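The block underneath contains the structure these notes are about, expressed in structure tokens.
Every number in this text was worked out from the coordinates using simple rules, so none of it is lab data. Computed from a predicted structure; not experimentally measured. With ideal geometry, Cβ positions are generated from the backbone for all residues, glycine too; neighbour counts draw on all protein chains shown.
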């Protein structure tokens, strides 16, 4: 069955040893990854388009992703980065409105110290997104979820999406605390969740499909198929598995769901959340 399918979470880069030092223990990522390297994967998996998400905290990368989108039709939207803590955040948001492909913004909160997302300057920046119709991607680890709950509670009218199910500790089979906070966060009807990036939270290349099912059960119950969005996290996924394994695992998990629920999960929710055309 083919859907109007969108991969809501991919990255593109020209590898730079200094900027991309986070890849130091991920040899497979230390090369260029561009749309032409992904296109065949998407085609084979019946995916019609993707959302390109920032991977470094630089405005120059936001422009780079938009420029890729202008020459590669497969990119339907961009989640960029600007300094949301800056005094001139409104001016920067206005500046980037010239790029119609930008649908939202993200900050790499998983790398920030405790309480960063509760800072007044950061929250002031996030509050400005709504005025421009932009979404916000929340990238956190499972141990940051209490703070994340406090953060999302401040923005009842802002479209928010939790990246990678908040990176649960699948490797150590820990679930209780993560489950509790994900359920709390899901009570906010404006918060969505990306079912992506889980391969890298398991033992790299040594997982079984069953390892993921308890975590999928939690998010499918908490958010429902109305607010869950498929993503691959390509090419980061390659440290632990390949594209078709992830897509097949989710298709298998959803085999008893109604066709319309699958269509929402694999594409329509992303189109609606990111306002893709």
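Before moving on, here are some points about what is shown:
- Each listed q (0.12 Å⁻¹) maps to a log10 I(q)/I(0) for the stretch 1-58 from the Debye sum over equal C-alpha point scatterers, namely -0.35.
- With R₀ fixed at 25 Å, the C-beta to C-beta distance from residue 34 to residue 99 puts the FRET efficiency at about 0.85.
- For a label point 7 Å along the Cα-to-beta-carbon line of residue 27, residues of the stretch 200-224 with backbone N under 20 Å: 200, 203-207
- Percent antiparallel among DSSP beta bridges (both partners in the chain, rounded to 5): 5
- Sum of -39500 (n - 2.57) over DSSP H runs of 4+, divided by residues of the chain (222 nm, nearest 500): -9500 deg cm²/dmol
- Model label sites at residue 204 and residue 252, defined 7 Å from Cα along the beta-carbon direction, differ in position by 2.3 nm.
- The stretch 1-49 and the stretch 79-152: distance between their alpha carbon centers, rounded to Å: 23
- Full extension of the segment from residue 90 to residue 259, taken as 0.36 nm per residue of separation minus the current Cα-Cα distance, would add 56.7 nm.
- Backbone N atoms of the stretch 132-154 closer than 13 Å to the 7 Å Cα→Cβ label point of residue 171 belong to residues 142.
- Equivalent ellipsoid dimensions for the stretch 232-277 as semi-axes, Å, which come from the Cα gyration tensor, largest first: 21, 17, 5
- Binning the alpha carbon pair distances of the stretch 143-277 at 5 angstrom intervals from zero yields the distribution 2, 10, 21, 24, 21, 15, 6, 1, 0, expressed in whole percent.
- With a cut-off of 16 Å on the backbone N, the residues of the stretch 16-41 near the modelled label site 7 Å out from residue 67 along Cα-Cβ are 16, 33-36.
- Normalised by 2.2 N^0.38 Å, where N is the number of residues, the C-alpha radius of gyration of the stretch 6-274 stands at 0.94.
- Each peptide in 115-121, 180-186, 89-95 gets a packing score, the mean of other Cβ atoms within 10 Å over its residues, and the list from highest to lowest is 180-186, 89-95, 115-121.
- Take the Cα of residue 14, step 7 Å toward its Cβ, do the same at residue 132, and the gap between the two points is 2.4 nm.
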